[in-house]
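These notes concern the structure reproduced below.
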Amino acid sequence: MVGGSTFIRYKLARLYHKYRDVRDSSGSRLQAAAFALILIVRRLDYLYKHLLARRVRRDARTATKVSTDSAKPHLAVKLTGGLGDYVVAARYLRDLADQVEPFSFDLYSGSPDLAEWIFAAIPGFSNSYTEFLFDELRAKYDLALWVTHFVVAYAEFAAWRKLRRSQKLSDVIQNIMKFGTAFEPFIQNHPRWDNFLARQAVYMNLQRRTLLHAFSGIKPGDDSLLLATDENIIETLGLTRGGFITIHNGFDLSVVIMGAAATKCYPHFAEVVRLIKAERPDLPIVQIGARTSTPIPGVDHNLIGKTSLRQTGGLLRHAARHIDNEGGLVHLARCFGTRSTVVFGPTPIDYFGYEENQNIPPSACGGCWFITESWMSHCPRGFATPICTDQEPAMIARMILGGIPQMTRDADL
């Protein structure tokens, strides 16, 4: 399987870069080896998924053959990244479908179930498959795209005779290839040069939410997405819609770190919660998240690892405010129009920040996202606790409380 072996070589190269970075930053080969071992153990599920890919290959081939025989173009779209990246990609493909001729597409990603949930209502969505099949099957489609912080169009496999019947879509492909020349070094060195990609985008007056559209020459729509949610949990917990806060302090499940918390996780949320409860004991605080989150003392409901994404979506849809580090749930909250208070540290605020949110800048330093391979595990400047995440809890609590009362009264009307 050529595609699979290419993918494995890429993963091995990434492993080596991570090992070398931890070795250089820590000065310890032993610590670097331990990190690499943990990474391998945590990635065994990917190997299992790779083996399972053989079981769905025939179904994927059959679906591709049927779809590419139709009059409208059928695309293969590879997604990489986490929850937030999928959300941004879904908005992009929604806007693309709205501004060009009709097309259908299959997704290839590391989390097919997650991708299917997010893209279910996007026009043209057909199937969601494992990323291990993309390299093998991309040539079977009329067009293959890789969507992450950038867009790559695999023009060498494109069915140009068919695509030229869709003039607007053909123009988008040309735009992707032309615009991508300015980002070629960053694309070739993704994700190690993502920080430089973000700097380039910001100085072009672009952000994470608009960069994909700029690649394609299309106009960004709004941040909303039609997502299926389970809102029964609100009644189960005895909450009032619009009358509670959600809080999260974790990070993407695919990230492996050394230590208890990632560098971008704000360490003082317990004090923020204490101050909020002292002022508003009537306002329930619900902690959401998966295994990378740590319990926050003082919350009214600790739901770490206890909710599905649909239930998490239902809570975010009706929260008066969401409190978080920069991450995927902030992107998800924007889909429902819920305002977030986001404490920024290593991730660049000018690239990731939504203007509708309360974006709290680093207290010092900051913006070192992907300056090193191990930025999520070790502060690149060597601080045991990153100084960028030392924002004053009282200031954060005041900002949150300043917007909650009116929102809660509105929800009760």
Count, please, the residues in the range 59-112 that happen to be touching a Phe, Trp or Tyr at 6+ places or on another chain (Cβ under 6 Å), assigned to a helix (DSSP H, G or I) and more than 20 Å from His331 (Cα to Cα). 1
Qualifying position, being part of a loop (DSSP other than H, G, I, E, B) and either in contact (Cβ under 8 Å) with a residue 40 or more places away in the chain or closer than 21 Å to Asp85 by Cα (or both), among Gly403, Gly337, Gly314: Gly337
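Residues to consider are Arg310, Arg339, Arg321, Arg317; find the one that is surrounded by 22 or more Cβ atoms within 10 Å (Cβ to Cβ) and basic (Lys, Arg).
Details: Arg310 fails: surrounded by 22 or more Cβ atoms within 10 Å (Cβ to Cβ); Arg339 fails: surrounded by 22 or more Cβ atoms within 10 Å (Cβ to Cβ); Arg317 fails: surrounded by 22 or more Cβ atoms within 10 Å (Cβ to Cβ).
Only one candidate passes the filter, namely Arg321.
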Looking only at the range 275-293, and only at residues there that are assigned to a helix (DSSP H, G or I) and in contact (Cβ under 8 Å) with a residue 60 or more places away in the chain, the one that is nearest to Arg310 (Cα to Cα): Ile276
Could you list, in sequence order, all residues of the range 243-261 that are modelled with pLDDT under 95 and surrounded by fewer than 23 Cβ atoms within 10 Å (Cβ to Cβ)? Asp252, Leu253, Ser254, Val255, Val256, Ile257, Met258, Gly259, Ala260, Ala261
By residue number, the members of the range 361-391 that are in contact (Cβ under 8 Å) with a residue 24 or more places away in the chain, of a type in the set (A, V, I, L, M, F, W, C) and touching a helix residue (DSSP H, G or I) at 6+ places or on another chain (Cβ under 6 Å) are Ala364, Trp369, Phe370, Ile371
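Which is outside any loop (DSSP other than H, G, I, E, B), in contact (Cβ under 8 Å) with a residue 12 or more places away in the chain and among the polar types (S, T, N, Q), of Thr246, Thr307?
From the options Thr246, Thr307, the qualifying one is Thr246.
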Can you pull out the residues in the range 94-118 that are within 12 Å of Val147 (Cβ to Cβ) and touching a Lys or Arg at 6+ places or on another chain (Cβ under 9 Å)? Leu107, Tyr108, Ser109
Could you tell me whether any residue of the range 140-163 is in contact with a Phe, Trp or Tyr (Cβ under 9 Å, 6 or more places away or on another chain), closer than 24 Å to Pro102 by Cα and basic (Lys, Arg)? yes
Looking only at the range 200-231, how many residues end up being in contact (Cβ under 8 Å) with a residue 24 or more places away in the chain and outside any loop (DSSP other than H, G, I, E, B)? 10
Can you name every residue in the range 287-307 that is in contact with a strand residue (DSSP E or B) (Cβ under 8 Å, 6 or more places away or on another chain), hydrophobic (A, V, I, L, M, F, W, C) and either more than 21 Å from Ile360 (Cα to Cα) or surrounded by 24 or more Cβ atoms within 10 Å (Cβ to Cβ) (or both)? Ile288, Val299, Leu303, Ile304
Report the residue count in the range 149-168 for those that are within 30 Å of Cys335 (Cβ to Cβ) and either without any contact (Cβ under 8 Å) to a residue 60 or more places away in the chain or surrounded by fewer than 19 Cβ atoms within 10 Å (Cβ to Cβ) (or both). 4
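The values are calculated or read from the model by the stated rules, or taken from the named source; none is laboratory data. Just so you know, these numbers come straight off a predicted model, no measurement behind them. Cβ atoms come from the backbone with ideal geometry, glycine included; neighbour counts cover every protein chain shown.
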